[in-house]
Structures are given as structure tokens and as C-alpha cells.
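The values are calculated or read from the model by the stated rules, or taken from the named source; none is laboratory data. In this text, all values refer to a predicted model and were calculated from it rather than measured experimentally. Note that each Cβ is placed from the backbone with ideal geometry, even for glycine, and that neighbours are counted across all protein chains shown. In case anyone asks, the SASA skips ligands and DNA or RNA and just uses the protein heavy atoms, side chains included. Shrake-Rupley method; radii C 1.70, N 1.55, O 1.52, S 1.80 Å.
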Amino acid sequence: MTSHSHFLLLYLFLMSSVICQVTEFISIDCGGTSNYTDPITGLAWVSDNGTIMNYGKSAEVEIPNGNMQYRRRRDFPIDSKKYCYTLGTKERRRYLVRATFQYGILGNGDAYPKFDLYLDATKWSTVVVLDASRVYVKEMIIRAPSSSIDVCICCASTGSPFISTLELRPLNLSMYATDFEDNFFLEVAARVNFGALSKDVIRYPDDPYDRIWDSDLEKRQNFLVGVAPGTVRINTSKYIDTRTREYPPVKVMQTAVVGTQGILSYRLNLDDFPANARAYAYFAEIEDLGANETRKFKLQQPYFPDYSNAVVNIAENANGSHTLYEPSYMNVTLDFVLSFSFVKTRDSTQGPLLNAIEISKYLKIEPRTDSQDVTVLNALRSLSAESAWTNEQGDPCVPAHWDWVNCTSTTPPRITKIALSGKNLKGEIPPEINNMETLTELWLDGNFLTGPLPSISNLVNLKIVHLENNKLSGQLPKYLGSLPDLQELYIQNNYFSGEIPAGLLTGKVIINYEHNPGLHKEAGKKKHSKLILGVSIGILAALLVVLIGSLLFLRNLQRKTSHQKTAVQGSSLRVSAKPSTAYSVSRGWHMMDEGVSYYIPLSEIEEATKNFSKKIGRGSFGTVYYGQMKEGKEVAVKIMGDSTTHMTQQFVTEQLTEKSDVYSFGVVLLELLSGKKPVSTEDFGAEMNIVHWARALIRKGDAMSIVDPVLIGNVKIESIWRIAEVAIQCVEQRAVSRPRMQEIILAIQEANKIEKGTYGSQKLHSGSSKAQSSRKTLLTSFLEIESQSPDLSNGCLVPAAR
């Protein structure tokens, strides 16, 4: 077979390959009004108007550069949103992606545009227009990560963001393969044709892959300056064999520059540098050298130890003249200003030669939003007819999140909120929603959703759920009540049925379940809730009695131990600058005020209450009466309902072991600090507030803040905690968590021993020890105390006030 036959077969093979490539080209005229074929390149261009892009507006470009695709541009709104084009790809195939920008003449007062360009979630570049007539070209070489990619415009800092063209060009075989392509794209910084015959770029059809090769005759700021003296331009019409990795076009390799004085040097700026880069140098010996002529040279600048010592002999390296030799610098660090030079070796007769260069920056690929989350979002979009929100493109989170989602700032981003209230969703909630572990808020109310609630047991971060005003049905899963962070659940106006999980009725969750005809609370739940509320109120009264009396007992004990005498002041009640928090009564009354004990005869209490004539409430442990002391101070007096009970007698007996002014705790006096007359205490709202106030302080480990200030420093904190521990357990919701009376008495005895320094010398008796071991102690679990009993009304459960 002749050499002409070989070339013919090669030509036919290349032509068939090129034809296949062209059919896969995507060429979008952004802002164009119609489809057309470019008369220069012969490539088909499609308009993005209406079908590919639904945002922004088409704008005419004043003084375009002559090419049809630059007669118009697409302008986007100046806002915080992103505007994306989606291009179909074949996963793991390499592509050249190109976006171009020509603004045209700026109007009066217009600012030069500056905005960001993204490919998927990776910031590609910041487009800065400094010359309105120039076409700015941004190219990226990628290995497609999936079946499509998104090119997005966003985040304008000045002027209006815009785009002129968007192109996708598939590459062949192993072109531009790198060791790092799983994690890095290649952002093209320079692609230069040296020795060019004109200022025109070379592209398709001369380059079958439609790469744009800039002419070295192009004059613009900081582009190929610092040319060495003696640099000449040469060219040939002979065919150049370019069948190597990157297949540069023959037309590019038919021209070159030669350093006749032994050196070639240039300087140019590299956008978005410094960075790590891959650099390509393209050499072909296109001069016919004599038998005694040689061309040998080295890379002098920049200096790379692995490359600069190598001698380039083009004809020898390429196995002949008119054949491509393509050394590449796989991973080198380059500055923003690149100065490079080649110098001939001492034994070379000819100066260095250069046909073309190509420099690309390694750009780290940023991960897109978690694919499991995206699957759910796409499923939800499919439940509604096309509208603005369903047409949002690009990554849901990066560089700007869709209007109806919120995202984390983690890598990869995750969805934290879905807000689709009243979006005309029809169908069932996608079951894949259970994979969205970071979801905290779900708003799907006001739609036409049907079917059961899918499993959301994995959504441990879920706080707020709105499913009201839909057509959802089926039973509520029991695990809903155990979702650890759930705070609000709205399911009213649906068709749910069965029992409401008990965990949703503890008061921890705000729940509205009205107008679900088949939905009901567990049998006996309402009655049981009332019983809990009543028992809790009764226990609360005991708590107040025990806490107040025990603290005063400890104070009196301390006074006796330290032999401090306190004057007893007559029968009148002094008004204190600091209000007392609690009082206790024996046959008369003792009040602690500013460290001094005051005695109030029972007769004065009877006089103040007019012989206990005005009853203002009743609790489980006694009746509450209104009274007014001589100086006008209003008080409430509570009398224990049955002071002869075994509980009271045992309590009194224990206290009589010490000679004390306190003989009985049958009466409790509470000062009304507000200065207003007391209202009915049937619901004991004030007592509830006291409990929540005390709980809040104890949760913070601050038991001393609930103690009368006069006791601070005079009693041991261990004894205070022992009393506070048993007192707060008295108002636990679950009966099994509340102490028996003998345990309360035991706690006071232990506090007594702590004060006297004898605690620890004896062990608790077995019964009490067993009871205590069944509950966590307050010192180790005060942060886990449950809320007070809930308030039920109209099918809506809200937490008790704190």
C-alpha cells in the first residue's frame, strides 16, 4: 500500500471522527432570537430564548465583533439568585466547556459588570469586564461527573451579570487526561498559536474539537510582552503529523517562532493565578535543517528541576521533522505573571523554536448537594405543575440556594428546610424523605397531598413539621413522640386516624390535630392527664411546705450550733426593705428578715385573716385564706387540711428531737409581693410558676438562688442540694419518680447530719436505698427533668408556661 493510500485512510478516519464530534456539539446563543448556522464555522447555533433559559432578558449589543453569536446577549437580574444552564453529558467522558462574554458599549452611568461563574458547585471564575468591546473567553476541561452539568451566573458585585454564548465540546479518547481529574477540573488560562499568520483565532473546522487558539499577534495589555530580540516568525505548508495525546490542529503546528539569537522569551498574565497548573509545549521542526545543523535547547525560566535540565531536540524527540513533539509539565506552580524562556545549548547551531503553548489551572471540584437530598427535592418538584419554583436550576444549595430550601454550610451541603406551603403539590410525600437526616423544618401545608405519612424515623434533627390542610390519611407512627428535637407538629384538617402517640401529649411538643375525624387520644388519656395535673398540684403544695420548713429548720439549727442569739421583737411585724420569701408558724409565727427572727402571735394571724373568714382557694393539702397585717401588708395563709394525719405526726415527731421554736408546720404564710389582692388559686397558676422558676435555676445548677439570702453562708451547700433534690422530685409527672413521705423525712435528716458534720457515718437503711436507686439523683440528672403537666384545650397541646 502506498503512502498516499495510508494518508487517504487516515483522512477518512479523521473525517468520520470529526463528523461524529460535530453532531454532539452544543452551541447556545444566549439572548439570540432564533436558531441559525454560523457561516464562518458551519456550526449550528440554538437560541436560549424561552426553552433553555426562562430568566433574564435579551439585549442588543452595540458594536458587536462581527460574529453572529455576539449580536445579542442575555442580561440577568441584579440579585442574590443564580441563573443556570443545564447541559447533557455522558458520565466520565471529557469535555471542553466554554462561556463567552461581550458586553458592547456601556450606557451612560452603567458600571462595568463583575460577577461569578460556576460549574456545578465549583466556582469557575470571576468575570470582570474592563473592555466592553472585548470578548472574554472562559474555558474548562472536565471529566463529566454525571449525566449533566450546570453552568451558572450569579452574585454580581457591580453592573448587570450577562452571558453571550455557552458551548459544550466532547473530547476524544484520552485527551487532557490527568492523574488528578477525580478531584480537579482544568481551567484554561492560555492557549496560544505562535508565528500566526493573522490576528484571527484558529478554531473549528481547523481544530476538530473547536478549541480556540489565540494568535500571538493579538495585542492586549500584559499579553505576550517582553519578546526577546532576534525572534522571527516561520511557517510551512507541509502536513504536520499531530497524532499524539492532545491532537493540536495542523494549522497551528504549521507556524512557529524561532530565537535566532539563541533565546525565546515572553511574559503574560494568567487569570486566577497563582496556582498549580498543567502546562503543554507543542514543538514541530518545520524548517529543513542541513546535515550539520542541530536545534537543541532547554527551558530556562521558570526553573523546574524535573524539567529544566532536559534537552529538547525536536527532530530526535519526535522521530523526524514535521512531526509533533509534545512534552507536558504535569503539575507545576505558576505565578499570576508568567515569564518563560527557552535557550539554545552550546552545541546547538540553531536557536529554540516554539509552535504553541497551553496552560491550565487545577481547579478543585467542590461537591454538589448530597444526592439523597436532591432526589427528594426532584420528587417534590414532580408533584406540581411547572412554575417558577419547579424550574429553578443548578445545585439546590451552591452558589445560592433555591428559594424554597435552606442548606448547611458543610461539605457536601445538606438540606435543612423545605418550604412548599401552598404550592399545589398533588400525590404522596416521597418515601426517600427519610434519608434527609439534617432536615430541621418541613413545610408542606396547604397542598393536596394524599396517602400515609412516610417513615421519618431517621429525621432526628426535625424540629418543625407543617402538614395541615392536606388529604393525608393513615395512622400516626408511635416513634413521632420520640423524635428528640421535635417541637411543633401541625396535622389539622387531614384524614389521619387511630391513636395519637403518647409521646406527643407530654407537653414537649406543640401539636394541633383538629379536624381529623378518626384521630383520637389513647383511651383514658384525658382522664389520666387530669389526674396527673391534680396529683402534681397536690404534691406542689407539699413541696412548698417541705422546702420552706426545711430551710428554716436548717437556719435555726445553724443558729443554735453557733450559739448566736437573736433578739425577738414584740408582737409587731416590721416592714423589711428586702421582701421575705417564706414564713413558718408554730403556736404563733416566726419571720426571718435581714437575719433577725420576728415572732407573730397566732392572735395577730387570726386578726389579720378575721378568724380565717375569707377563703381564696383550696389545694390538696389545705385551705388558703386572705389576710392583711396591721401595717397594710397583704398575705395569704394556708392551713394544712389534716394536721393529725400520720404523715404530719411523723414529721412533727422527727422535728421535736431538737429544741426549736418550730413545733408544727400546720400553717404557711405567703406574702403577696405584688401588692394586689389575691385572686382565686383554684388552678394554682402561681404555684406552677414557682415550680418552673425553681426548675430553671436547678437545671443551671444554681440551687442557692432559690434560698433566702439570709441563709447563704450560714448553711452548707450540700444540705441545700439534698433538700432541693427531694423537693424537685416531689413534682415529677410520673408517680414512680416521686419520693414517698419517709424518703422526704430521710432527706431532711440527712441534711441535718450534713449541717452537724455527721453525715456519712451511717448508711441509709435498705428500703430507702432501694427507693433512691430507682431514680437518678438531681445532682447527676437535673438537665433531664421533664416539663410540668400540659394544658389541653381544643385539641391543641402547648407546653406549660416557663
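How would I153, I234 rank on accessible area, largest to smallest, probe 1.4 Å? Intermediate results must be reported in sequence, preceding the final value.
Numbers: I153 0, I234 25 Å².
Output order, biggest surface exposure first: I234, I153.
When you restrict to C-alpha pairs under 8 Å that are six or more residues apart and normalise by the size of the range 243-325, the relative contact order lands at 31 percent. Proximity of backbone amide H atoms, modeled 1.01 Å from N, is registered between K521 and I500 at under 5 Å, excluding neighbours fewer than 5 places apart on the same chain. Given Cα positions, please report Rg to Rh for the range 34-93, the hydrodynamic radius being the Kirkwood one. Taking Rh as the inverse mean 1/r over Cα pairs, Rg/Rh reads 1.02. At q = 0.16, 0.18 Å⁻¹, what base-10 log of I(q)/I(0) does the Debye formula yield for the range 403-510 when every alpha carbon is treated as an equal point scatterer in vacuo? For the range 403-510 at q = 0.16, 0.18 Å⁻¹, log10 I(q)/I(0) is -0.70, -0.89.
3J(HN,Hα) along the range 450-466: 10, x, x, 6, x, 4, 10, 5, 7, 7, 6, 9, 5, 10, 10, 10, 10 Hz, from the Karplus curve 6.51 cos²θ - 1.76 cosθ + 1.60 with θ = phi - 60°, whole Hz, x for Gly and Pro.
Compactness of the range 70-164 was expressed as the Cα radius of gyration divided by 2.2 N^0.38 Å, which yields 1.12.
Taking all protein chains together and a 1.4 Å probe, the residues K716, K478 rank K478, K716 from largest to smallest accessible area. Rounded to the nearest whole Hz, the Karplus-based 3J(HN,Hα) values (6.51 cos²θ - 1.76 cosθ + 1.60, θ = phi - 60°) of the range 363-378 follow the sequence 10, 5, 7, 8, x, 7, 4, 3, 4, 5, 5, 5, 4, 5, 4, 5, with x at glycine and proline. Let me check I've understood the local charge: for T369, count other residues with C-beta under 9 angstrom from its C-beta, Lys and Arg +1, Asp and Glu -1. What total comes out? Value of the local net charge: -1. Sequence-ordered 3J(HN,Hα) estimates for the range 325-340 from the Karplus curve with 6.51, -1.76 and 1.60 and θ = phi - 60° stand at 10, 10, x, 10, 9, 4, 8, 10, 9, 10, 8, 4, 9, 9, 10, 9 Hz, glycine and proline given as x.
In the assembled protein chains, R143 presents an accessible area of approximately 40 Å² (probe radius 1.4 Å). Heavy-atom accessible area, probed at 1.4 angstrom with all protein chains present, ranks R71, R695, R738, R220 as R71, R220, R738, R695, highest first.
What net charge is computed for the residues neighbouring R414, neighbours being all others with C-beta under 9 Å from the C-beta of R414, Lys and Arg scored +1, Asp and Glu -1? Summing Lys and Arg as +1 and Asp and Glu as -1 gives -3.
Taking amide H as placed 1.01 Å from N in the peptide plane, W45 has its amide H under 5 Å from the amide H of Y36, T37, D38, each at least 5 places away in sequence or on another chain. Within the shell defined by Cβ-Cβ distances under 10 Å, the residues around V465 carry a net charge of -3, with Lys and Arg each +1 and Asp and Glu each -1. Per-residue surface analysis assigns K508 an accessible area of about 90 Å², computed on protein heavy atoms at 1.4 Å probe radius. Can you pull the accessible area of C397 for me, 1.4 Å probe, Å² to the nearest 10? Surface accessible to solvent at C397 totals approximately 20 Å². Between the amide H of V188 and those of E139, M140, I141, K361, distances stay under 5 Å, these residues lying 5 or more places away or on another chain, with hydrogens modeled in the peptide plane. Legend: P(r) of the range 172-310 from all alpha carbon pair distances, 5 Å bins from 0, whole percents, reading 2, 8, 15, 20, 22, 19, 10, 4, 1, 0.
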